[in-house]
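Contents: one structure, followed by commentary.
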Amino acid sequence: MRIDIITVLPEMLESPLGCSIVKRACDKGLAEIHVHNLRDYTTNKHRKVDDYPFGGDAGMVIQIEPVDRCISTLKAQRKYDEVIFTAPDGEIFNQRMANSMSMLENIIILCGHYKGIDYRIREHLITREISIGDYVLTGGEMAAAIITDSIIRLLPGAMGDEQSALTDSFQDNLLEAPIYTRPAEYNGWRVPDILLSGHEARIDAWRHEQALERTRRLRPDLLAD
Ligand code: ADE
């Protein structure tokens, strides 16, 4: 799968997408991430990509021309399944959306900008608008990194143990059961005996019970779904 991210702050994406599972998936050829600096697509000699809003207001607005030029350049090279825009007023991102996006071939993510972008971009060039939560960030770069991370880790072969993506919290609308490692006792705090019992079926049953209990207590909305 290929993800093209368009931003005025490419350096904000370098480190979150340049390490760990995402980097490994790219190194293995499972995914390609291309970050495009919007300023490379302007015809303005000062590389300016924003301007004052019509009607007057504070702050600058990203112009349609460089965005259209960038998206058109990409679309001339391959077909894209989605052109996503990250914004606090988009559809709230969740695991179900990550799952379905991980099956796409090519997507573009246009990062939002603190003041906004010319609304015609949203009307004519964007196919899906996504928010990562009901709070406002300074820009959409971190949202783009989060969406990309959550998609890439689901690609077959991206994680060492394929099972682990399937047992994630949210995959079945249940939070994960508690997990522990050695030592079995620390400061008098003991790991639940059942996990040391070696009895696989009982351990599975315990994990399921714990997942249900934690979901009921912490995220009852998931069970209502
Ligand atoms: N840009 C600013 N805030 C955002 C949010 N909550 N989600 C996605 N993009 C954003």
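The values are calculated or read from the model by the stated rules, or taken from the named source; none is laboratory data. What you see is a predicted model, and the numbers here were worked out from it, not measured in a lab. Cβ placement follows ideal geometry from the backbone for every residue including glycine, while neighbour counts extend to all protein chains displayed. Ligands, DNA and RNA are stripped out before the accessible areas are found, and what is left, the full protein with its side chains, is counted by its heavy atoms. Shrake-Rupley method; radii C 1.70, N 1.55, O 1.52, S 1.80 Å.
List of remarks:
- With all protein chains in place and a 1.4 Å probe, the accessible surface of the chain carries 52 percent carbon and sulfur.
- Whole-Å distance, taken between Cα centres, linking the range 1-28 and the range 69-136: 16
- Gyration tensor over the Cα atoms of the chain: the corresponding equivalent ellipsoid has semi-axes (square roots of 5 times the eigenvalues, largest first) of 41, 19, 16 Å.
- In the chain, the calculated helix contribution to ellipticity at 222 nm averages -10000 deg cm²/dmol per residue, counting -39,500 (n - 2.57) for every DSSP H run with n ≥ 4.
- The chain: most fluctuating residue of A211, A87, A58 per GNM, C-alpha cutoff 10 Å: A58
- Measuring nothing but how far apart in sequence close Cα pairs (under 8 Å, 6+ apart) lie, relative to its length, the chain scores a relative contact order of 21 percent.
- By average C-beta atoms within 10 angstrom, highest first, the peptides 60-70, 185-195, 120-130, 41-51: 60-70, 120-130, 41-51, 185-195
- Note on K28: lysines with a C-alpha under 30 Å away, same-chain residues under 8 apart excluded, are K75, K79.
- Membrane-span-like helices of the chain, defined as complete DSSP H segments with a Cα extent of 15 Å or more along the helix axis and a mean Kyte hydropathy of at least -1.0, are identified as 64-77, 141-152.
- Per residue accessible area in Å² of the range 54-190, where ligands, DNA and RNA are left out and the probe is 1.4 Å: 56
- Highest to lowest packing among 136-149, 5-18, scored as the average C-beta count within 10 Å: 136-149, 5-18
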